[in-house]
1. Let me understand the stretch 55-121 better: what is its radius of gyration from the alpha carbons, and its Dmax, in angstrom?
2. Report, ordered by chain and residue number, the aspartates and glutamates lying within cross-link reach of Lys116, taken as a straight Cα distance under 16 Å and ignoring same-chain residues fewer than 8 apart.
3. Given H placed on each backbone N at 1.01 Å, which residues far from Arg47 in sequence or on other chains put an amide H within less than 5 Å of it?
4. Quick one: grab the alpha carbon gyration tensor of the stretch 82-121, order the square roots of its eigenvalues as a ≥ b ≥ c, and give me rounded if a/c is under 1.5, else prolate or oblate depending on whether a/b is larger than b/c.
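Every number here is computed from the coordinates shown, using simple stated rules; none is lab data. Nothing here was measured: the structure is a model prediction, and the numbers come from that model.
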Amino acid sequence: MRMWMMATGICLIAMVTNAQAQTTPQATQEIRGLLDFVEHSECQFVRNGEAFPGPEARAHLEKKLDYLEDKNKVNSAEDFIDLAATKSSMSGRDYEVRCPGGVQPAGAWLKRELQKQRQLH
C-alpha cells in the first residue's frame, strides 16, 4: 500500500509539473504575434551593440524560444519576453530597439505590443 501511494504521488507530481510546463495555445498565439511584430517592424533590434533588421531578429528570438521551450521554461508571452527578448544570455547586456522615434529597451517595447494585441482580441 505504501509503495502504491508513493508511486501514485510521484505520478501526480509528474502530471502537474508537465501540465504547468506546457505553453498554452493562447500564449503560443501571443508569442507568434510578437515574433511577427518584430519581423515586420521598421525598428532595428540591437543585440550586444549590433543592430539587426526584423527578419534576423525574429530568427534569433525563435532560436532562444526553441531552447527555452525544450527546457519547459515558457508558460506565457511574458516568459518569452523576460527570458528570451530582454537581454543577451551570453553577455547579460539588455536588448534595445532603434526606431524612428528613438531607442528603447526591447522588453518594454514588446510588453507594450503584447498589451495592444490583447486589447484587439
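1. Using the Cα atoms of the stretch 55-121, the pair Rg, Dmax is 12.4, 36 Å.
2. Filter leaves Glu30, Asp36, Glu78.
3. HN-HN under 5 Å from Arg47: Phe52.
4. It comes out oblate by the Cα gyration axes.
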